[in-house]
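So the structure is just underneath, and the comments pick up after that.
The values are calculated or read from the model by the stated rules, or taken from the named source; none is laboratory data. Quick caveat: nothing in here was measured; it's all calculated off a predicted structure. Cβ placement follows ideal geometry from the backbone for every residue including glycine, while neighbour counts extend to all protein chains displayed.
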Amino acid sequence: MDHRGASLPDVRPGWVWLVGAGPGDPGLISLLGAHALAQADVVVYDALVSEGVLALAAKDARLEYAGKRGGKASAQQPDISRRLVQLAREGRRVVRLKGGDPFVFGRGGEEAQALVAAKVPFRVVPGITAGVGALAYAGIPTTHRDTNAAVTFVTGHGAGGDLPDGLDWEALARGSPVLVVYMAVKHLPTIAARLSEAGRDPATPVAIVSRGTLPDQRVLVTTLGRAAEDAAAAGLEPPAVVAIGEIVRLRAALDWLGAAEGRALEADPLGAHAPRRTG
């Protein structure tokens, strides 16, 4: 691989690299992540890693599936961690390939802790998380100075696939101008209802991005009050991220993929919704 003069560290035998694959488009994996894949003896990959990213692995690398999908039969986390330790102790060059970023709702922290406990050396290679990358491919910036100075990332289900316990819905509804909810489709009716009950305006713009950055990406723009109904009617399925807030209105101006296909973009999508500036 031509790194154009970049000096990159090699994956050493007996090491495990926790690599973020990004949200799907193979072009979005980091240079260091692609470098690691090209050197790996074994790639232990998640369900959300695209075939395009896997194609970057060395031709003689062994690919081992270790996907976890909420509500479906899948590998158990302790088994995955033990397998990483075993492969490292066999002297393999191991890449643990995880969708998005390993440390953003990816259980990379748990796997790293298991490696530390087993005294296995490791390296973390961050990736573009879906809450940023998928929205960008939908033409929705995660932050914009005319809409929000803060953003909150929330997971839509816990370890067992249910909505996580302990979420402060009132704080989420009232305290953050933008919410980006991962793995939310299954529990979208409950999420929308709880946010509305906690004070979030049902007219708040919502975008649901399914299979973000991939060729079959789908984007649904709706409102908080209609999000669950409209998502069901559209047949949207996971993986998907949900953006809640005024940033969604910017898609009308920034849908660069749509523009490439001939869609006319709006110059001022915020219009009357833009905050008034003083001074």
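Residues that are modelled with pLDDT of 95 or more and either in the same structural domain as residue 58 (by TED's automatic domain parsing) or in contact with a helix residue (DSSP H, G or I) (Cβ under 6 Å, 6 or more places away or on another chain) (or both): does the range 154-164 have at least one? No, because not a single residue in the range 154-164 is modelled with pLDDT of 95 or more and either in the same structural domain as residue 58 (by TED's automatic domain parsing) or in contact with a helix residue (DSSP H, G or I) (Cβ under 6 Å, 6 or more places away or on another chain) (or both). Among the residues of the range 93-114, the one identified as over 19 Å from residue 29 (Cβ atoms), surrounded by fewer than 21 Cβ atoms within 10 Å (Cβ to Cβ) and either hydrophobic (A, V, I, L, M, F, W, C) or more than 22 Å from the chain's Cα centre (by Cα) (or both) is 114. Pairs linking a residue in the range 139-150 that is at positive phi to a residue that is assigned to a loop (DSSP other than H, G, I, E, B) and buried (at least 18 other Cβ atoms within 10 Å of the Cβ), with Cβ atoms under 9 Å and 6 or more positions apart or on different chains, are 139/255. Considering the range 119-232, the qualifying strands (runs of 3 or more DSSP E), each wholly inside and each with 2 or more residues that are under 15 Å from residue 244 (Cα atoms), run over 152-155, 179-182, 205-210, 218-223. Among the residues in the range 240-251, are any farther than 19 Å from residue 136 by Cβ, at pLDDT 95 or above and in a loop (DSSP other than H, G, I, E, B)? Scanning the range 240-251, I find no residue that is farther than 19 Å from residue 136 by Cβ, at pLDDT 95 or above and in a loop (DSSP other than H, G, I, E, B), so the answer is no. Looking only at the range 146-158, residues that are touching a Lys or Arg at 6+ places or on another chain (Cβ under 9 Å) and surrounded by fewer than 18 Cβ atoms within 10 Å (Cβ to Cβ) come to 1 in all. Of all the residues that make up the range 193-245, how many are among the β-branched types (Val, Ile, Thr), more than 30 Å from residue 26 (Cβ to Cβ) and touching a Gly at 6+ places or on another chain (Cβ under 7 Å)? Here the count works out to 1. Return the only residue of 164, 205 being free of Cβ contacts under 8 Å to residues at least 12 places away in the same chain and in contact with a Ser or Thr (Cβ under 8 Å, 6 or more places away or on another chain). Answer to the selection: 164.
Within the range 252-269, the set of residues being more than 21 Å from the chain's Cα centre (by Cα) and outside any helix (DSSP H, G or I) comprises 261, 262, 263, 264, 265, 266, 267, 268, 269. Among the residues making up the range 252-268, those that are at pLDDT 95 or above and either hydroxyl-bearing (Ser, Thr, Tyr) or closer than 15 Å to residue 205 by Cβ (or both) are 252, 253, 254, 255.
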